[in-house]
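To start, the structure itself, in structure tokens.
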Amino acid sequence: MQRYFIAPEQFGQHTVTITGEDAHHLLKVMRMKAGDEIMVCDGLGRSVLARLTSLEAKSAEADIIAEMETNGEPMWKVTVAQSLPKGDKLETVIQKCTEIGAAAFVPFQSERSIVQYDGKKEEKRQQRWAKIAKEAAEQAHRSIIPEVSQVMSWKQLLLRMAEFDLVLFCYEKEGAAEGSGIADVLAAFRNTHDSSREAAILLVVGPEGGFTVHEADEALAGGARLAGLGPRILRTETAAMVGLTCLMYESKEMGGA
């Protein structure tokens, strides 16, 4: 069933209003008409089944039929902190990691970041990244849209590490060391974390050139666990997806006892 995210204020007591590109998509792309049913979400966890009552190019109205249970969100809430990569790689990270189950994204600058922060382009980039997260969440039948934060400095990211139950610092120098793989770190975390409550996890991924030793030392001092993703060197966008998939697997998101 087609799914759309709208702002919470577009929910009425018994109706929802869909506007802008989503209304256009309903009418011109999906060719829907009054009487058709869709899923509508507020991006914060609420999902409803709704029946369309009217459609126009810029606005559509629908009656709420039923509140829907949502089961598309993991127990481990993973924020992906991605050092700014070249080109459109961050767009790929946001799209694919939203599909996998990321709860939020924090782009940041590190010592070896090739892409430099440009405040003049920030608003346009934020809008683009938010749109990609929204569309990926719809495609993956998520009940939330992962938030993409403003670009942070490395120092700002270090300060945020205290907010999380676990900080995984993906470091290639740990890739072949015994007991330092991501599976080892996560096994230890599972043994100590109360499985009945959500876990807030920060997955930190470096740029094309990787992290410096100095950054690894600072992350370790800030409470992060250095973890390798195997003996092979991964592209930065691949590392984010592999690390997040490992987290989903270890949290029993994919089944298992």
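Only the coordinates and a few stated rules stand behind these numbers; no lab work does. Keep in mind the model is a prediction, meaning the values are calculated, not measured. Positions of Cβ are generated from backbone atoms using ideal geometry, with glycine treated the same way; all protein chains shown enter the neighbour counts.
What the table shows:
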quantity	calculated
Tilt relative to the chain, helix 119-139 - C-alpha long axis, 0 to 90 degrees, to 10	70
Relative contact order, percent, the chain [alpha-carbon distance under 8 Å, six or more residues apart]	20
Degrees, to the nearest 10: 236-250 long Cα axis against longest axis of the chain	80
Prolate/oblate/rounded call for region 89-206, Cα gyration tensor, a/c under 1.5 rounded	oblate
GNM result for the chain, Cα springs below 10 Å: residue of Lys155, Lys131, Lys28 fluctuating most strongly	Lys28
Relative contact order (%) - region 92-159, alpha-carbon pairs under 8 angstrom, separation at least six	51
Candidate lysines for bridging to Lys134, where Cα separation is under 29 Å - those fewer than 8 sequence places away on the same chain excluded	Lys28, Lys33, Lys58, Lys77, Lys86, Lys89, Lys96, Lys120, Lys121, Lys124, Lys155, Lys252
Selected from Thr236, Thr192, Thr212 as most flexible by GNM, with the chain as the system and alpha-carbon contacts under 10 Å	Thr192
Fluctuation leader among Ile65, Ile182, Ile145 - the chain, Gaussian network, Cα springs under 10 angstrom	Ile65
The chain: antiparallel DSSP beta bridges as a percent of all, rounded to 5	45
Cα centroid separation - region 48-82 against region 156-221, whole Å	33
Which of Glu122, Glu69 has the fewest Cβ neighbours within 10 Å, and the rest in rising order	Glu69, Glu122
